Structures are given as C-alpha cells and as structure tokens.
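Data first, discussion second: the structure below is written as structure tokens.
The values are calculated or read from the model by the stated rules, or taken from the named source; none is laboratory data. All of these numbers come straight from a predicted model, not from anything done at the bench. Heads up, the Cβs are rebuilt from the backbone with ideal geometry, glycines too, and the neighbour counts pull from every protein chain shown. Heavy atoms of the whole protein, side chains included, go into the accessibility calculation; ligands, DNA and RNA do not. Shrake-Rupley method; radii C 1.70, N 1.55, O 1.52, S 1.80 Å.
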Amino acid sequence: MKKLLSLVLTLSILFGAFSFVSAQDNTLIMARAVDATGLDPHTQTAFASLRLLELVYEPLVTTDQDLNLIPVLATDWSFSDDGMALTFNLREGVTFHDGSDFTAEDVIASFERILDEETGSAAASNYASIESMEAPDDYTVVFNLSTPDVPILSAMASTNAAILSSDVIANEDPSLVTVGTGPFMLESWTPDEVTNLAANPDWWGEGPFVDGIEIRIIPDEASILAALRAGTIDFALLSDPLIATLLIDSPDIVLNRTPSLSYNVLQLRAAVEPLDQLEVRQAISCAIDRQQVVDTAALGEGKVTGPLTMASYALPLEDLFCYEQDLDMARELMAQAGMEEGFTLNVIVANAEPPVATSIAQNLQSQLEAINISVEIEAMELATYVDRWLAGDFMAAVALNGGRVDPYTMYSRYWQEGANFQETAGYLDDTLDTLMKEGQVETDPDARYEIFAEFQQHLAETSPWVWLYAGYTYTAQQPYVTGWTPTASDSLYFLSAVQVDK
Amino acid sequence: MTRYLVQRFISLIPMLVGVSILVFIAIRLVPGDLITAQLGTEAGMLSDAQRASLEAYYGLDKPPVEQYFSWMSDVLRGDLGLSVRQGQPVLSLIFDRFPVTLELAILSVIIALLIGIPLGILSAIYRNSVLDIFARVFAMIGLSVPNFLLGTLVIYVLSVYFGILPTSGNYVEFYEDPSLNLQQIIFPALTLGTSFAASVMRMTRSSMLEVLSEDYIRTARSKGLWESVIIRRHALKNAMIPVVTLVGIEFGYLLGGTFIVEQIFAIPGIGRLTINAITQRDYALVQGVTLFIAVNFVVINLLIDVLYTVIDPRVSYGD
C-alpha cells in the first residue's frame, strides 16, 4: 500500500511539474471539439470555421453583446432616403496582415468575389440586392441596391462578408493564403490538431493583450472538461449542456452561459400527409409541453422560445398560439382532422448534432403519445441528415437552427416564395410571404417590430414548425483569464480584449 | 520459401484492387457529398451555377468511372491525391499521422504481452487457484469494458482526483520531447492494452492448458525434468503459436486506427484522420487511408506467417 501511494505521489509530482512548465508565455490556450473545415471566409459556412476565421478576418460591421450593429472596418453608414443606396465610410489607417493598406478597392473586390458565382459563396444570396458598387474616394463605398433592403446591413455583420485584400483576391487562392485585417494572424493550421494564431501588432483596435492563441482540438467534450480541471488549458468552447453544467458550481473554473440565437425546433413538413392538415400540426403544437422538453432533454438549460430569438423582436410567449400545453384542445383538433386514431410521425435526427437532439426527440415521443401520435425516431450521421433535409426527404425533423440578427434574413430562406429552402420547409403561405416582403423594405424600427410580431403569431398559429427552446452557448475559462465578452451570436471576435494573468 | 513469398505478393494485387473499388463505391454511396459535408445545411443556399462551379473545383463533375481511373492511375504512380480539406497530399498526411498510431499500437502490444502472457501462463499452471480466478475475472472485465468507457474513466480519475492530465490536444512527437510524448501516449496505450491483454491472457491460458496435456509433456515429466524446464523448453514455444496469430491480427487492427481511443485522448493518429475524412467526405483521403490500412493488414499477416516457421519447425512453406 505504501509503495502504491508513493507511486501515485511520484506520478502526480512528475505530471504536475510538466503542466507548470508548459506555456510560460502569454499565449491563450483554448480548446474546442470541432475544427474549421476550411479557411476561405467567403465559402465557409460551418460554425466551427467561422469561429476561427472571425479572429483573422473582419467585416465592415459586426454585432455587440446585445446584437446592436457596431463599426469594424466601416466607421459609420447610412441608407439613402429611398433606401436604394447604402454608403459606408471606411476606417483609415488599417493594414492587412501582409502590410498593405485597406481601402475601398478591397471592399469592392471582396463583394465582387462573394457575388461571383464561380466563388460558390452560400451567403451570396443575402447580398443579392447589390446592383453595383462605387468608390467616390479611397475611404467611401456606395452599394447601389436593386430594391430597398434593410436586412442587408445586418447580413454584412458576418465573417462571410469579410474584407479580403484585393491583391490576394487577384493573385492568390484565399482558401490557402490567409491575409485579413483582424486582431490575430494565422501562423499555422493543422486540421483537427492545433491552430496557432499570433497577435496582430498593427491592429487598429485596442488589443490584443495576449501574444497569441493556441487552439487545440479535443474532440471529446468530457476530455475538454478534464483538461480545464487539470489546468492544462485556459479557455474552452463547450456545446453539450450535460458537460457544461458540471462546471456550474465549480470553484476553480468560470463558466459563461449565454442565451443563444440558435433555436431547437421540431420541423413539420406540411407537404406530407397528414401534416398537410392545419389541425394536425396545431394539435402537435398544443400537445407539447415545451418546458418539459427543456427540463428533460437539456437539464433545464435553455428558454422556451417563439420563432424570433433575438430580444429586440421576441414576443411574450402568451401572445403565441398554444404555448401552454393544452391536451384537450390537441385531442379536439385531432378529432376535427379525423385523426383520433392517431398516426405515425417519422422524425429524423442527426447523431449528436446537437448533443441533445436525440433526447429532444425522445421527449417529444413520450409527449405526443398522449394524442395517439407514435413518434418513430430515425437517427443518422450529420452529413446524411443534411442531405435528406435539403432534399425535403423527411416527415419531421428535430433541428438546431442558427439564428440571425435580423428576422428577415433568419426566415426568408424558408418561407418566401422561391426561397432556397422552400423544398425543405414544404410550406407556402401568402400572409408570411407578404409580411416578409414588407419587413425587408421597412426602415422604421417600430413598424418593423409590428410586422414581425404579426409574422411570428402567424407562424405559431399555422405551425409549420413547432419552436421549442433556445439553449445556451458555453465558454469556460480559468479565473486568471479576464476581459472576455460572450455574445449571443457566439462570436469569438472579442477574444481581442482578453488578458491572461497567470 | 521465396516462391511462397512471391506468390503471396502477387495475390496482393487483386485484393488491393478489390479494396480500392469497394472503398471508392462505398464512400460515394453514402449520402451527402463533399460540398454538403463542408457547408452543412447552407449548401442549400447555393445557386445551381455556384454548385456547378464548386463541383468543378473539387473534380466532382466527372463521371465516377472516370474519377476512379484517374485516381487509380495516379495511385500507381505513387500519388494518392490531395485532401481537399487540408490542401495537402494524402500520402504526406498518412506518413505524418502513421508514426503516432504505430507508437500507440506498439506500446499497447507491449503492455498486452507484459500483462497477458505471464498471467496466462501462471493461471494455466496454477489452474483453479486464487490467482487463476483473479486472472480470469480480469480477462472478463478487460474484454467486456468498452474502450471509450475505460478511456473516459482514466481521464476522469486523473483529472478529478489527481488534478493531473497529460496535455491533450497538443500532441508532441517522441523525438521532440520523449518524456512529454510518453506522458501523452501512456494512458491511451494502457486503455487499449488492457482489453488486448485480456484476450492475450485467455489465449495463452487455453493454449498452455492444451499443450500441457500433450503426450510429449507427459513424456518429459516422466523423464523427471524440472517443471520449470518443461514449461520453458517444451510447452511455451508451442503454446505461443495461437498467441502470435492473435497478436498479429490485433496489431493489424490497431494500425488500422484506434478510432475511439484516439478521439477521446485527442491523439492525432490514423484513426482520427480516417474519422474526420469520412465525416468531411474527403474522398481522396478516405480512399488513400483505407488502401494504406489494407496494405498494413496484408503485410502483417505475411510477417506472421513467416514467423510461424521460426517458432514451429513443423510449419514450412518449402520449395
């Protein structure tokens, strides 16, 4: 026994000593489970990619903690009175990582690249109203639009609208050459292993206050948790509430929970029988106790939500159809549809994407039994799920959808006539279509709020989807890491302000 | 012997062609191509022209048969293609990652042999003793506890109770820092080695028991030889043949990638390379890695067959 004890002691001293030796410098060591899938900011759409690229590249504008637009490479902006032109004044004295100056030419080259079909930028459709661009001088850019388009401004607050150097666009492949204006410069990227970023000493903003960031990919979140506890990493991104909640009472590690714009939803394809009957969809909506979903599937980690998750547009839940569970009404609706006997609802779920997806489906399964709907869960790997989802080859789907800052950008892709995801949504509705068109051109914030309030109520009532809850995104850090601001958009941009005082 | 080896090498060719065709078809039969795998649901936002241009960029616009033959002709020239995600030659990625898996596999085998063989021999000799029962229970646990559980348990115990953890996600090569490298690799190796040790122990025990009941052992005993001499000189060598087979097969599996353990311990080996290649639908990488693993398997089997002739003179592939 004595021998064993001394062995354990020796081992701990040995390992302890090593964990002290590592990282003496002022580099932030960060861990996350998934790595970027590529480096071209205009074509990468995966969360994981954007979370790396937003440290390196900057757009004209971005959003702050409360999702307000704040200046980045533009200092200010304005719409013309008729809403047909959007003018940006650009920040002077900004340089790219290769030392070249940032000017209006780079903005125009970047947007030309995004809009070029050869580029294959999925985000291009957000900027489709751009008809032409001009640069009256080096630090002014005017976007001439084909139609008034208020949401385009917030759509520009995205790494998919990052400004690249016009030289790189002309002469190099941006998926291989990473030159941005951001607070950090990419030193090396070893996919699925480690990424090294160095602080940009010439960055225009305040900071960065660390020498660099080392991003380690640790695929298993339980191992990330262990590494936090053992003190081998400074900062971590977590997505599994089951893991993150283990840190809630931890005295040594700071857990940040931020309500996310993303929402968990049960998507019903109205194109499939019997979901084509309004009453059936409504019955499903009425039969579900949404709070129970949060409590059982996500350990209470989240808030029941309507269609719009951003605070500035969200409605009180009692204003939405059937947000209180009402089984009597659900049964009555089923009877009206001639469906007292019930039916089988096939639900597709992506394995572990999000980590709680299967638990959500299982909870819905047990809840919908009350109105004789037997839920059949079909779990599959993510890429397979995406493929079937895009093809509209499903009856219902449990999904975690990314939110957007603007309601129009968030939903026009599904329910506007001719939208890209029309096939997936499988539902068309004149009211929704009209409301979205109104919302796109309306510049008055109050009027816009009204339009989208009606939009949400109509969505909840027609129930093409059943919105469940918006979860949290988690970051965790050692107490000596200070200055971090988590945002609802999950951005890592504000790592530029982080300090490490070990 | 030489003729046998030549024959074996020739028979490799149709096998590898078969593997290459199967993998090529299989990865393409899985729904979701490279573009949807990279863009996720956003792939649905692409216009037809955008998609066509991406397909041309990734070489997906050509018919599959043409893709296969152009890939195959490159492979024959020693070029396994480019990983579209990493923008690097597949071969260099494999050679980058393979040493890690090799080290992990060798260490696991050493651990398995160090635990499994002595335990197996002892429990065969002292059959039904306390030691035997202990060893058999160990073997049962080792075989039935899945790697992911054992691995997670190891990490949990180390980090929660001892507050230590070899730096994960920042793998260091052996030649850079042997001590740190061993710290990182020892726990995954133990995790893999334990279950492997269990099967080695069981195999050793049963083949030892079988050998010990053979006539020549009885003859040796009747000659009045020391028990330890009997075991060392006569029994052990023969009992080891099935164990060598087992180790060979297991070693092949380990080199094929120890997917789960590499994933849990964030070890950048062949296993993680393969998983990520599959989820990303990185066709060239999946094809290249699979071919490489197949070659490994075949070569190891060949080595094992040759090893038989060394251990057991009765086995020969004579000319």
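Quick one: give the max-minus-min coordinate of the C-alpha atoms of segment A:368-440 along each principal axis, largest first, in Å.
Cα spread of segment A:368-440 along its principal axes, largest to smallest: 39, 32, 22 Å.
Would you report the distance distribution of C-alpha pairs in segment A:57-167 as whole percents per 5 angstrom bin, up to the bin with the largest distance?
Each 5 Å bin holds this share of Cα pairs: 2, 12, 24, 27, 21, 11, 3, 0.
Interface size between chain A and chain B, please: total buried accessible area, 1.4 Å probe, rounded to the nearest 100 Å².
In total, chains A and B hide about 4300 Å² from solvent.
Taking only C-alpha pairs under 8 Å that are 6+ residues apart, what is the relative contact order of chain A in percent?
Value for chain A: 20 percent.
If we restrict to alpha carbons, what Rg and Dmax does chain B come to, in Å?
Cα-based Rg and Dmax for chain B come out at 24.1, 87 Å.
Between helix B:283-311 and chain B, what is the angle of the helix's C-alpha long axis to the longest principal axis, kept within 0 to 90° and rounded to the nearest 10?
With both axes taken from Cα atoms, the answer is about 20 degrees.
Using +1 on the beta carbon of Lys and Arg, -1 on that of Asp and Glu, and nothing else charged, what's the dipole of segment B:12-77 about the Cα centre, debye to 20?
For segment B:12-77, the charge dipole is close to 220 debye.
Would you mind calculating the relative contact order of segment A:261-471 from Cα pairs under 8 angstrom and at least 6 residues apart, reporting the percent as a whole number?
Over segment A:261-471, the number comes to 36 percent.
Using protein chains only and a probe of 1.4 angstrom, how many square angstrom of B:His234 are accessible, to the nearest 10?
Per-residue accessible area (B:His234): approximately 60 Å².
Could you point to the residue in A:Ser359, A:Leu197, B:Ser199 farthest towards the positive end of the protein assembly as shown's charge dipole, with +1 and -1 charges on the Cβ of Lys/Arg and Asp/Glu respectively?
Result: B:Ser199.
Using the eigenvalues of the Cα gyration tensor, what equivalent ellipsoid semi-axes result for segment B:12-77 when each is taken as the square root of five times the eigenvalue, whole Å, largest first?
28, 14, 8
With each pseudo-label sitting 7 Å past Cα toward Cβ, what's the B:Phe95-A:Thr482 distance in nm, one decimal?
5.0
For chain B, what's the relative contact order in percent, using C-alpha pairs closer than 8 Å and at least 6 residues apart?
28
Counting only DSSP beta bridges with both residues in chain A, what percent are antiparallel, rounded to the nearest 5?
75
Which of B:Leu209, B:Leu307, B:Leu225 moves the most in a Gaussian network model of chain B with Cα springs under 10 Å?
Looking only at B:Leu209, B:Leu307, B:Leu225, the largest GNM fluctuation is found for B:Leu225.
Using 1/(1 + (r/R0)^6) with R0 = 22 angstrom and r between the beta carbons of B:Glu214 and B:Phe134, what's the FRET efficiency to the nearest 0.05? Walk me through the intermediate numbers first.
On the way: r = 27 Å, r/R0 = 1.21.
The value I calculate is 0.25.
Mind ranking B:Lys223, B:Lys62 by accessible surface for me, highest first, 1.4 Å probe?
Sorted by accessible area, descending: B:Lys223, B:Lys62.
Give the residue from A:Phe421, A:Ile224, A:Ala350 lying farthest towards the positive end of the charge dipole for chain A; charges sit on Cβ (+1 for Lys and Arg, -1 for Asp and Glu) and the dipole is referred to the Cα centre.
A:Ile224
Measuring from a point 7 Å past the Cα of B:Ser222 along Cα-to-C-beta, which residues in segment B:125-149 have an amide N at less than 16 Å?
Taking a point 7 Å out along Cα→Cβ of B:Ser222, no residue of segment B:125-149 has its backbone N under 16 Å.
Tell me, what is the FRET efficiency for A:Asn144 and A:Asp66 to the nearest 0.05, using R0 = 35 angstrom and their Cβ-Cβ distance as r?
Efficiency at R0 = 35 Å is approximately 0.70.
Excluding ligands and nucleic acids, what accessible area in Å² is computed for A:Ile451 using a 1.4 Å probe, to the nearest 10?
In the full protein context, A:Ile451 sits at about 20 Å².
Once the piece of chain linking A:Glu423 and A:Glu187 is laid out straight, how much longer is it, given 0.36 nm per residue of separation minus the C-alpha distance between them?
80.8 nm
Taking θ = phi - 60°, what integer Hz values does the Karplus form 6.51 cos²θ - 1.76 cosθ + 1.60 yield along segment B:112-123, in sequence order, with x for Gly and Pro?
For segment B:112-123, the Karplus curve yields 4, 6, 4, 8, x, 5, x, 5, x, 4, 4, 6 Hz.
Heavy atoms only, 1.4 Å probe, whole protein assembly: order B:Glu42, A:Glu340 by accessible area, highest first. Provide the component values of the computation, followed by the final result.
Working: B:Glu42 30, A:Glu340 105 Å².
Of B:Glu42, A:Glu340, the descending order of accessible area is A:Glu340, B:Glu42.
For A:Lys502, what accessible area in Å² do you get when you roll a 1.4 Å probe over the heavy atoms of the protein chains, rounding to the nearest 10?
Taking all protein chains as shown, A:Lys502 has close to 130 Å².
Can you compute the modelled spin-label distance between B:Leu16 and A:Leu115, with each label point 7 Å from Cα toward Cβ, in nm?
5.2
Cα convex hull of the protein assembly as shown: how many Å³ per residue?
195
Among B:Ser144, A:Leu299, B:Ala294, whose Cα sits farthest toward the positive end of the charge dipole of the protein assembly as shown (+1 at Cβ of Lys/Arg, -1 at Cβ of Asp/Glu, about the Cα centre)?
B:Ser144
State whether segment A:261-471 is rounded, prolate or oblate according to the following rule on the C-alpha gyration tensor (a ≥ b ≥ c being the square roots of its eigenvalues): a/c under 1.5 gives rounded; otherwise a/b larger than b/c gives prolate, and the remaining case gives oblate. Write out the running numbers ahead of the final one.
Working: a/c = 1.41, a/b = 1.32, b/c = 1.07.
Taking the square roots of the gyration eigenvalues as a ≥ b ≥ c, segment A:261-471 is rounded.
Expressed in nm to one decimal, what extension gain is obtained for the pair B:Glu55 and B:Leu303 from 0.36 nm per residue of sequence separation less their Cα-Cα distance?
Gain on extension, B:Glu55 to B:Leu303, equals 85.0 nm.
So if I place +1 on the C-beta of Lys and Arg and -1 on the C-beta of Asp and Glu, and nothing else carries charge, what would the dipole magnitude of the protein assembly as shown be about its Cα centre? I want it in debye, nearest 20.
With only Lys, Arg, Asp and Glu charged at Cβ, the dipole is about 6440 debye.
Going by accessible area, probe 1.4 Å, with all protein chains left in place, what is the ranking of B:Arg127, B:Arg28, B:Arg136, largest first? Walk me through the numbers on the way to the answer.
Values: B:Arg127 140, B:Arg28 65, B:Arg136 105 Å².
I get B:Arg127, B:Arg136, B:Arg28, largest accessible area first.
If r is the Cβ-Cβ distance from A:Thr344 to A:Thr434 and R0 is 30 Å, what FRET efficiency results, to the nearest 0.05?
Plugging the Cβ-Cβ distance into 1/(1 + (r/R0)^6) gives 0.30.
Between helix B:236-255 and chain B, what is the angle of the helix's C-alpha long axis to the longest principal axis, kept within 0 to 90° and rounded to the nearest 10?
Roughly 10 degrees, rounded to the nearest 10.
Suppose each label sits 7 Å from its Cα in the direction of the beta carbon; what would the A:Glu92-B:Ala26 distance come out to in nanometres?
If labels sit at A:Glu92 and B:Ala26, their model points lie 6.3 nm apart.
Considering only B:Ser144, B:Ser20, B:Ser199, give the residue with the highest GNM mean-square fluctuation for chain B, with springs between Cα atoms whenever their separation is below 10 Å.
For chain B, modelled as a Gaussian network with Cα springs under 10 Å, the answer is B:Ser144.
Please work out the average accessible area per residue across the protein assembly as shown, using the 1.4 Å probe convention, and give it in Å².
Value for the protein assembly as shown: 42 Å² per residue.
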